[in-house]
């Protein structure tokens, strides 16, 4: 195998939107610096992963942020006093296994991710960069928390570009000039509610004159991110990398995307966390399932029974709300989500209203008119549509709320004409078995929208549906759909 010599020039040659750098992985949805956090970061579209590296007592580089184990394991031992095997056992018992840095690098190489390395001391940096080079990872930045450490990294021949992290109140350019930093990374997230305003034209003129690319602090505030992505920055760190370059629909070339039970591959289905992940990723609709409790409350839960997605048992409809709210609806996915409560429909509606978001409400077993009223009292009709396997429930809604938008499926009727005639549904949903260009055109001629549903994860199947150019795409894998849509659009641009 030929020798691997990283090229530092890529930090100056990047052309495109800011790189999404997942801060300790997708740490809004998984324990930080774990393999799960890094895998989720990749799924969410992160270009690079920020990884903290320390050495264990036996000199093994591991992905770990803190000096001690108190936050991760409730153990006050210093990380540098435990061996890699001891760390593995302690963190595994706590449900958040700390990985070897070599495992992180192998995963990055497999998935094509870059690494923003935050090594806490020089020996850790040396070993980590050697591991990155062994894995032939080109897109790497090594971060330094002090000018002295930055100078040390450069003097010892760090093969990757070195970035200087600068706190508030210090001149990043003077410090960078003194220590030789090749990038600057202002850590100014706590400066104010709008730290982006500190990065003005003068700041970027100075950075450009010194040929210093800029990487920003980790940011999750939507208004701040909206401004940062417009700036000439190389990258933006975030616990939620999906927010850096969110999806933007533009039907039919870029359909509205419906996230089935929320972003259910990222967070537990039908939870507030899965809804937030979907909407923060720029997707249009969150689909949810409504059931009614024994005491008449509307809650969001798919199955008639509780066993699959909670630590409870029995039939949901036979339980009171106060009992259901004590259940854990997140631990079955990952310990990170342990303690998530079973949500009420009103919580989703309030969240949608606050962010001007959209809902697809499927009524499983609940009072249809109560459900529609709960939603339509808060959301405009164009921001929600309803469906149920029970056609009578849709007829009730259509009669009582003629402004409500409804969905219908051709598979539930003898003919497509019957489907179009049923309660004047605005949206007609096809699936992989019955979607075809002729029926889709007939639906459009009737003035309705076309939605295609696919709950699998095969890229080829999803690509075939995308080629039919639906108005809406109802999927379990919205981030995969986003990537395939981008590829399809870029391919057509190049034709």
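Observations on the model:
- Pairs with Cβ under 6 Å, 6+ apart, first in the stretch 463-474 and without any contact (Cβ under 8 Å) to a residue 60 or more places away in the chain, second buried (at least 23 other Cβ atoms within 10 Å of the Cβ): 465/452
- Number of positions in the stretch 36-69 that are more than 14 Å from residue 115 (Cβ to Cβ) and outside any loop (DSSP other than H, G, I, E, B): 8
- Residues of the stretch 380-403 classified as crowded, with 20+ Cβ neighbours inside 10 Å and assigned to a loop (DSSP other than H, G, I, E, B), total: 1
- Test for residue 410: is it buried (at least 20 other Cβ atoms within 10 Å of the Cβ), more than 30 Å from the chain's Cα centre (by Cα) and assigned by TED's automatic domain parsing to the domain that holds residue 278: yes
- Residue among 90, 79, 55 that is surrounded by 18 or more Cβ atoms within 10 Å (Cβ to Cβ) and without any contact (Cβ under 8 Å) to a residue 24 or more places away in the chain: 90
- Selected residue [over 18 Å from the mean Cα position of the chain (by Cα), surrounded by fewer than 22 Cβ atoms within 10 Å (Cβ to Cβ) and in a loop (DSSP other than H, G, I, E, B)] from 341, 350: 341
- When every residue of the stretch 291-298 is checked against the conditions, none turns out to be under 25 Å from residue 97 (Cβ atoms), assigned to a loop (DSSP other than H, G, I, E, B) and over 22 Å from the mean Cα position of the chain (by Cα).
- Residue list for the stretch 9-43, restricted to those being out of contact with any strand residue (DSSP E or B) (no Cβ under 7 Å at 6 or more places or on another chain) and crowded, with 23+ Cβ neighbours inside 10 Å: 26, 27, 28, 29, 30, 32, 34, 37, 40
- Single match in 102, 70, 106 (criterion: closer than 20 Å to residue 335 by Cβ and at pLDDT 95 or above): 70
- In summary, strands (runs of 3 or more DSSP E) completely within the stretch 187-278 and bearing 2 or more residues that are more than 26 Å from residue 357 (Cβ to Cβ) and outside the structural domain of residue 470 (by TED's automatic domain parsing) occur at 215-218.
- Condition broken by residue 72, with the remaining ones in (1) buried (at least 20 other Cβ atoms within 10 Å of the Cβ); (2) assigned to a loop (DSSP other than H, G, I, E, B) satisfied: (2)
- Filter pass, residue 449 being surrounded by fewer than 20 Cβ atoms within 10 Å (Cβ to Cβ) and under 30 Å from residue 346 (Cβ atoms): no
- Within the stretch 277-299, the set of residues being out of contact with any strand residue (DSSP E or B) (no Cβ under 7 Å at 6 or more places or on another chain) and either buried (at least 24 other Cβ atoms within 10 Å of the Cβ) or over 20 Å from residue 473 (Cβ atoms) (or both) comprises 277, 294, 295, 296.
The values are calculated or read from the model by the stated rules, or taken from the named source; none is laboratory data. Small disclaimer: the values here were computed from a predicted structure and weren't measured. Methodologically, a virtual Cβ is constructed for each residue, glycine included, from the backbone with ideal geometry; neighbour enumeration extends over all protein chains shown.
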